[in-house]
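Please read the structure below before turning to the comments.
Nothing in this text is a laboratory measurement; each read-out follows from the coordinates by a stated rule. None of these values were measured; they are calculated from a predicted model. Positions of Cβ are backbone-derived with ideal geometry, glycine not excepted, and every protein chain shown enters the neighbour counts.
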Amino acid sequence: MATSQSNALQSFAKAWWVLLLWGLTFLIVGLCLLFWPVRTSAFLIAIMAAFLLISGIIGAISAVVHRDSGWGWRLAGGIVGVLVGIILLANPVAGALMIVTVQFLLLAFGLIVMGIATMVGGKHTSDAIGYRWSWGNFFLGVLIVLLGIFLLFRPLLGIFTLLWLMAILAIIGGVLLIVESFRVKGLADVAV
């Protein structure tokens, strides 16, 4: 059993470079998002658009060739993929702003709902356990709602903040993956 664990560990450790490549990719994308947010977003959207276009074409062809149940839905999905891919390839900057805007609006509305739930949930929790109302939950909820409202009324600031946060998360994730790749590489030496 120890031998099979050792073999599995060595096999895993041999792929350390995959984690390293992922880490470097995240790090590079994060730095590019930090220093060139619009260009990088447009580039990433262009890659996604090409994927949508190609997968849409393949999906539509597959639906027509294999007319089993649900082929109409697959054909419609393929056509939508092709159309969205073409639109995004024609103007990747607008596509990037559109996608970030949708994410941003979801975040803003989500914060408002979460803030209200925090305020109301604090009251219901205190009632359920026979404890007085938590003013901390109420004020936390108010702050969360105010943040959501601020983002709705200051969308440009919020969008660029979202891009900045995505960049920071990508950089941190990249560094952690790079560190983990060398840790995994070191497992091969321990397993021998």
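Using a simple spin-label model with points 7 Å from Cα along the Cα→Cβ vector, what separation in nm is obtained for Leu21 and Phe139?
Modelled inter-label distance: 5.2 nm.
What base-10 log of the normalised intensity I(q)/I(0) is obtained for the range 11-191 from the Debye formula, alpha carbons as equal point scatterers, at q = 0.19 Å⁻¹?
With one equal scatterer per Cα and no solvent, log10 I(q)/I(0) is -1.09.
Find me the longest stretch of the chain that has none of the exposed chymotrypsin sites (Phe, Trp or Tyr not before Pro), where exposed means in a DSSP loop (not H, G, I, E or B) with at most 15 other Cβ atoms within 10 Å.
Values: sites that count: Tyr131, Trp133.
Looking at the chain, 1-130 is the longest stretch - no exposed chymotrypsin sites (Phe, Trp or Tyr not before Pro) with at most 15 other Cβ atoms within 10 Å.
Of all the stretches in the chain, which is the longest one without any exposed loop site, taking trypsin sites (Lys or Arg not before Pro) in a DSSP loop (any state but H, G, I, E, B) with at most 14 other Cβ atoms within 10 Å? Let's see the in-between values first.
Values: sites that count: Arg67, Arg132.
Excluding the exposed sites themselves, the longest stretch runs over 1-66.
Dipole magnitude of the chain about its Cα centre, charges +1 at Lys/Arg Cβ and -1 at Asp/Glu Cβ only, in debye to the nearest 20?
About 100 debye.
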